[in-house]
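Each remark here refers to the structure printed beneath this line.
Laboratory data are not the source of any read-out in this text; all were calculated from the coordinates shown. Everything numeric here is computed off the predicted structure, so don't read it as measured data. FYI the Cβ positions are ideal-geometry reconstructions off the backbone, even for glycines, and counts take in every protein chain you see.
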Amino acid sequence: MAEDLNIINGSREEQYKSLLPQIKALIKGENDLIANLANVCAVLKSQFNFFWIGFYLVKDKQLVLGPFQGPVACTRIAFGKGVCGTSWEQKTTIVVADVDAFPGHIACSSLSKSEIVIPLIEENEVVAVLDLDSDKLNDFNETDKIYLEEIVNLLLNKNLFR
Ligand code: SME
């Protein structure tokens with residue numbers, strides 16, 4: 001149950017390691033996509049308190065804002081645009097140490113300084129992206145990439161996207 005979420009102190013890696021089984025348990029008995037995406041955002045926000053955490057879902061050949069935690073955000077992003085649209089186009093995780101240095105970055109908030117976007121890929125098609133923004137420069141690295149990719153795989157394994 002959500003109220004049992006165990007928040008720990010420790011390295012970024014230790015924090016992810018603690019979250020993985022908890023996320024697995026949280027989404028295990030639920031087959032509603034939006035409910036699971038919403039809870040994953042809440043878990044990441046509760047543990048890390050990043051500035052913004054959310055999903056964009058591929059709909060009608062655009063990324064459309066889905067469940068998120070944080071300030072209001074852009075609702076639609078085109079293929080190839082911004083960090084999210086680039087992650088979609090390239091089908092790969094993108095880590096941006098300084099968003100001002102990323103050509104075409106879409107600034108939903110001037111407080112966002114660094115970002116990581118993980119594509120969710122099903123049968124070689126991107127079905128959604130997970131976007132995390134930090135108000136600190138250079139806040140994401142390979143550890144985040146590895147564990148966030150594991151987290152999106154837990155969601156993809158439930159086959160709820162289409
Ligand atoms: N910065 C993103 C847009 C989404 S917001 O950060 C929530 C981008 O460049 O795609």
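Some points to look at:
- Point-to-point label distance, residue 4-residue 162, nm (Cα→Cβ direction, 7 Å offset): 3.5
- Net charge of Cβ neighbours under 13 Å - reference residue 80; Lys, Arg +1; Asp, Glu -1: +2
- Dividing the convex hull volume of the alpha-carbon atoms in the chain by its residue count gives 102 Å³ per residue.
- In straight-distance terms, cross-link reach from residue 158 covers every one of the aspartates and glutamates whose alpha-carbon lies under 18 Å from its own, apart from those fewer than eight places away in the same chain; here that gives 30, 32, 122, 123, 125, 149, 150.
- Lysine pairs with alpha-carbon atoms under 21 Å apart, segment 1-157, spacing 8 or more or separate chains: 20
- GNM top mover of 134, 46, 112 - the chain, alpha-carbon springs below 10 Å: 46
- Fewest neighbouring Cβ atoms within 10 Å first, the residues 115, 89 line up as 89, 115.
- GNM result for the chain, Cα springs below 10 Å: residue of 39, 138, 31 fluctuating most strongly: 31
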